[in-house]
Structure formats: structure tokens, C-alpha cells
Amino acid sequence: MKEQYTKFATNGFSTIELLIALALMSLIMVGALQAVWGNQYWMMTATTAQEAMQKSKSMVVQLEYIRSENFQLVSSTRSLYSVDPHNLSEQDCSLGGLCYQVETKVTDISSCAKSVVVDVRWKLGVRYATSSIPTQTYLVNPNEIGALGGDCLVVQPKGRWGETNMAVGSELQQSPLGTTGIDVLGNYMYVTSEVAPYFRVFEISNDITNVPVLVGVSTSTEVRLNDIDVIRDLPTGRIYAYVTQHSTSSQLLVYDVTESNNPVSLVQLSLYNVASSGSFPQGWRVIAYGGKLYVVSRETTGPELHIFSLDNPRLPVEITTASINLNRTVNDMVVRDEIVGNTMRRFLYLAASADLKEVGVYDVTGTVPIEVAAINLAGSADASSIYLTGSTVYVGRKSSSAPELYSFENQKLIAGELGLRGSGEVGTEILALGGVGTALVLGTAKNGEELQLWSPNETQWSTTSPNAGRLQSLSSQRLSPLGFDIHDSFLYAVSESLTQPESISVVYSP
């Protein structure tokens, strides 16, 4: 009987063995189904990721087209959010349906360039996390680069400006010269002063620890210089510096600085119809843009605004055909071409000392400037600085009981409307304005806090609480009015004094 039982056991299955076999088969089937489903999931993921990349590329192509039509229409510091209309609704997405969200953020680097981040997000179902493919690209405006003679940022400065504290990488100490102006182009920095040597050229380095090196000076003038703008003439490659002189009869001076160690004085010119015996007839501010040179004197007897042709950049010729009596002293100005009604027009923006017209906008497309906007800011303080980037005009003013910082919508200004976006209390005079990365740069008269980074988002400012929009600050003692320039990834700041040592600081963000 035992032998028979053994024979039976080796030829069949017990109940337990059957259950174990079924369980194993069940596990194998589940594993197989999971593997099949997993393969399908990853295939769907690959497909949707490819579709997301296609949508990202499509968005960049659209932005490139807009850029070619009107570069400024791409400008925005705010996120643009959209859901692809060819996919399911947002409600269906929340229920597990597949949809894409395309978010585009455009940040102005300068008037010449913008950083564009396109972020495409999607979900395959409610139980899975959102997937995302962000891509970054840069859009540039070749026309603006040419108009500014190459003196314009085209890539976002390196570092985390506004996120990490600014630092001084190197600093050149020098004797009191009363530094009045600064402009950086290429590998050189050009500086003007109240006393000799009035015109200096420094070589700058990509190594933040290297101080600027003096390589050239000019002794062609014995007169204080007030302002400077340097451009590269693209057809010839030569570099010219246009300088305003504190002279009653030769207010404009032109240098050829192609050879940095040998600045050559080319010509000294007078401003048309300005009475040399009147009050403040000297040259004051200058800016070159798009084959024209814009020069102003302080408020004087005769016209304050003068426009020169740069058809021959070595010999500017004044072309204003009517006297433009601004009846105010322009402390800072900027020029830009804008498309208005499918027509390219040129506008000059002014920050001035005035009772009623601290901010002014002129159409300077022709030879007779036409005023299109004049703004009287609250309080009695004068406007001292102005900066235009993207769709926003920023204005700084002297210390006041009212806010010192303002932002305006550019398109409304050139249409003759107020266009005020916001204002902020800084608590001190704003000597200069600029931009670096995603931050607004303020040069101020606040002791120990002369260089400040602010959020460009006006909703973070306050009209009553000083520095509500400030991100950080850095000491740059005795900062000169309009006393900094931004080039590549560094900020160059100059101090001004006739009695104490001056400095040239190279500032960076880690």
C-alpha cells in the first residue's frame, strides 16, 4: 500500500500544490500586464515629450516672427500662460485627460536683447506628476545693435544678480579728478573729468581681480568735459567718442579712439544759435543713435536741443531746422526707434530739471522735434536719470517727499498718454539707472548704499515705505551722476571728487 501511495503522489497534484501553482500563474500574469502597461506608459511619455518639444519649437518660431516684425512686441517681464486649444480643457486635465500648458516668460536684457524661457508642461493622468520641458533662448534686435554702435548688452550677464549679494572684484584708486562721465565699449572704458587729464582710456579684463589699466589720455583740450558716448562705426570698424565740453563756444568734441593708446581729437564744434554770453551755454549731455547725434546744453539763451547727422562720423553736421527751446536742463536722455501704425518713428526721452516737465518725450523722426508727452511729477524735485528697456521707461529723481522712482508704459507715453505703472520711495536721489539680468540698477546718493538692485516689478514697490522693492545694496562712495555702465557681466562704477581720492570699481555677482 505504501508503494502504491508513493506512485500516485508522483503522478498528480495535491490541493495545496494546485493553489500554489495558480498563485504563481497569477503573479506571472500580473507582472506581464504591468510590464505591458509600463511599456505603454513609457511609450506615451516619449510621444508626449516629443510633442512638447515640438510645441516649444513652434512657440520660439512664433516669437522669432514677432521679433522680425516688431521687436518690442515681444517685451514683457510677466509670464504669458496659455492652454493648447487643440487638447482637452483644464477641467478635463484635472480629471486625468492629457493636455499641455505652454508658459512663455520674456525678460528684457537690454533694448537689443531678450531672454525667452518656454516651459511646456503636461500630465498623463491624475496619479502621475506633471512633466515639464523648459527651454531657454535669446532674441536679439540687429537694428538696435547697429543704431547704438554695438554699445548694448546682447546676452544675460553671468551671475545671480538680485539673488546673491553684489561684490567688488577689483578697485582702482586714483587722485581727485572730478570724474564726470563713463562709457564702456568692447575691452575699453572711456572716462571724462573736470581736471587734466580730461579724457582717459582704460583697458578692462575678463578677470574680475584685474583693475582697469590706464592705456591712453588726451591733452587736446584744457576744458572740463561733461559727458561721453562711444560707438563703433560698423561700416568702417573705427571707434568714435563724442564728448560735451564745458565751453561757451565749442560745446562738442569728437575723438577717434580706434587706437586706444592714442586718442585723436578730430574736431570741436559749436551748438547752433546758442548765445555764448547767455546762462549755461556749455555742452551738457550727448547720445549717439542710428546715424544721429543728440546734444543738449543746460537751460540757456537759445535752443537747448541740437541734432547732428553722423553720415560722416568724423565730422557731425547739425541738421535741426528749427530752434528747440526746451526751457529746462536735461539731466539724462535716451533714444529709441518705435513702430507706430506700421511706420518706424524715433523718440527722444528726457529726464529734466523743471517745474512742470520733469519727463518729456519728443518725436525726432524729422529735423524738427515734436513734443508728444510732458509729465509733471508730484512734488518739486527734478528728474535726474532715465532708462528704457522693453516696454518700460524708468525715471529717477532727486530726493523728495514724493517717490523718487517711477515706471511708465512706453507705448502710452509715445501716444501722449500718462502710462504710469508704478512709483516707489527710495529715500534718496537717484543718480543713475540701468539694468542687469532681471534686476533694475539704481545709482544713488545714499551713503554706504550707493549701488542698489531693485525688482523691476512695480507691485513690490511702495510709495510710503522706503526701499520696499530693493533686493540688495553695495557701497560705492561718492558715486558720480550717471556714474556707472554695464558691460558683459560686470558693472563699472566711477566716483567723483575734487578733494578726496576717487575710485573705479568693477562690480560682479557671484
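Looking at 360, 390, can you tell me which residue is over 28 Å from residue 139 (Cβ atoms), open to solvent by less than 10 Å² (accessible area, probe 1.4 Å) and either touching a strand residue (DSSP E or B) at 6+ places or on another chain (Cβ under 8 Å) or basic (Lys, Arg) (or both)? Talk me through it step by step, then tell me what you get.
Values: 390 fails: over 28 Å from residue 139 (Cβ atoms).
After applying the criteria, what remains is 360.
Only a single criterion out of (1) open to solvent by 20 Å² or more (accessible area, probe 1.4 Å); (2) touching a residue at least 40 places away in the same chain (Cβ under 8 Å); (3) touching a Pro at 6+ places or on another chain (Cβ under 8 Å) is not satisfied by residue 318, namely (3). It is to be established whether one or more residues within the stretch 335-342 are open to solvent by 60 Å² or more (accessible area, probe 1.4 Å), free of Cβ contacts under 8 Å to residues at least 12 places away in the same chain and either touching a helix residue (DSSP H, G or I) at 6+ places or on another chain (Cβ under 9 Å) or of a type outside the set (Gly, Ala, Ser) (or both). Yes - at least one qualifying residue is present in the stretch 335-342. Contact map, the stretch 151-165: first residue surrounded by 14 or more Cβ atoms within 10 Å (Cβ to Cβ) and part of a loop (DSSP other than H, G, I, E, B), second residue among the charged types (D, E, K, R) and modelled with pLDDT of 90 or more, Cβ cut-off under 7 Å, separation 6 or more or different chains; pairs are 152/144; 157/488. The set of residues in the stretch 65-82 being surrounded by fewer than 16 Cβ atoms within 10 Å (Cβ to Cβ) and at pLDDT 50 or above consists of 65, 66, 68, 69, 70, 73.
Per the listing 172, 148, the residue uniquely within 22 Å of residue 287 (Cβ to Cβ), open to solvent by 20 Å² or more (accessible area, probe 1.4 Å) and of a type outside the set (Asp, Glu) is 148.
On inspection, residue 120 passes the criterion of being at pLDDT below 85, surrounded by 15 or more Cβ atoms within 10 Å (Cβ to Cβ) and farther than 23 Å from residue 391 by Cα. Every condition in (1) polar (S, T, N, Q); (2) under 19 Å from residue 161 (Cβ atoms); (3) touching a residue at least 40 places away in the same chain (Cβ under 8 Å) is met by residue 497 except one, and the failing one is (2).
The sole residue among 416, 422 that is closer than 25 Å to residue 74 by Cα, crowded, with 17+ Cβ neighbours inside 10 Å and out of contact with any Gly (no Cβ under 6 Å at 6 or more places or on another chain) is 422. Selection of strands (runs of 3 or more DSSP E) fully inside the stretch 231-315 by the criterion of at least 1 residues being in contact (Cβ under 8 Å) with a residue 40 or more places away in the chain, open to solvent by less than 30 Å² (accessible area, probe 1.4 Å) and not aliphatic (A, V, I, L, M) returns 239-245, 252-256, 283-289, 292-297, 305-309.
Answer with yes or no whether residue 380 is among the polar types (S, T, N, Q), without any contact (Cβ under 8 Å) to a residue 24 or more places away in the chain and open to solvent by 40 Å² or more (accessible area, probe 1.4 Å). Spelling it out, it is not the case that residue 380 is among the polar types (S, T, N, Q), without any contact (Cβ under 8 Å) to a residue 24 or more places away in the chain and open to solvent by 40 Å² or more (accessible area, probe 1.4 Å). The test for being among the β-branched types (Val, Ile, Thr), open to solvent by 40 Å² or more (accessible area, probe 1.4 Å), modelled with pLDDT of 80 or more and within 27 Å of residue 454 (Cβ to Cβ) does not hold for residue 61.
Yes or no: residue 401 assigned to a loop (DSSP other than H, G, I, E, B) and modelled with pLDDT under 95? Before you say what the answer is, go through the steps one by one.
On the way: assigned to a loop (DSSP other than H, G, I, E, B): yes; modelled with pLDDT under 95: yes.
It is true that residue 401 is assigned to a loop (DSSP other than H, G, I, E, B) and modelled with pLDDT under 95.
When 38, 96 are checked against the criterion of being at positive phi and at pLDDT below 80, a single residue qualifies: 96.
The values are calculated or read from the model by the stated rules, or taken from the named source; none is laboratory data. No experiment lies behind these values; they were computed from the predicted model shown. Note: ideal-geometry Cβ built from the backbone for every residue, glycine included; neighbour counts use all protein chains shown. In case anyone asks, the SASA skips ligands and DNA or RNA and just uses the protein heavy atoms, side chains included. Shrake-Rupley method; radii C 1.70, N 1.55, O 1.52, S 1.80 Å.
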